[in-house]
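Some notes on the structure that comes next.
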Amino acid sequence: MSSIRKKKEIDPSRDLSIKVSACERMLKEVAFYKSDLEKQEAKLAEMKAQGADEYDIKKFAENVVADCRSVLPDSETRLEKALDDLSESFGLISSKTVVDDECVKKASKLLGAQGRKVSLEAESMQKKGTDISELAEGEAF
């Protein structure tokens, strides 16, 4: 017998935190691949300037530099997808949703740095708590 699992509702704060972490990781990965490509291209130029064997230059360009170039577009695509997911989750946060303020700030900063539109309502949200100052004496909260 197969049992159908009900999809659990994910805590918005946890979901946002996971997506922020994924975006941060992808940003680091893209930056690493870009710097690695620059290093390999510089090494290729150095090999050419030193008059290295043409076969070595060709193989280095075909294998190492081409590999670096092929990895970068995929990483950038995954970064864009992660940013789209974060932006979507960020947009779904309503004023009634309880979300960790630090997580909202990180998401807002990350999306803003990547040139993404940030919802002012979500950006100004803070972690909500129970305000007992408005309760009458003896009133339960």
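Quick note: the coordinates plus some simple rules give every number you see, no bench work behind them. Bear in mind the structure is a predicted one, so any value in this text is a computation, not a measurement. Heads up, the Cβs are rebuilt from the backbone with ideal geometry, glycines too, and the neighbour counts pull from every protein chain shown.
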Inset, instruction - For the pairs K19/K39; K34/K58; K43/K109; K39/K106, note any where the Cα-Cα span goes beyond 28 Å. - result: K19/K39; K43/K109; K39/K106
Inset, instruction - On each of the three principal axes of the Cα atoms of segment 35-115, give max minus min coordinate, whole Å, ordered largest first. - result: 67, 17, 17
Legend entry - Computed lengthening from K109 to L92, 0.36 nm per intervening residue step minus Cα-Cα distance: 4.4 nm
Legend entry - Neighbour-limited loop hits for trypsin sites (Lys or Arg not before Pro), segment 67-96 (at most 13 other Cβ within 10 Å; DSSP other than H, G, I, E, B): K96
Legend entry - Rounded to the nearest 20 debye, dipole of segment 35-115 from Cβ charges on Lys, Arg, Asp, Glu: 220
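Counting Lys and Arg as +1 and Asp and Glu as -1, each charge on the Cβ, what is the dipole of segment 1-81 about the Cα centre in debye, to the nearest 20?
So the magnitude is around 700 debye.
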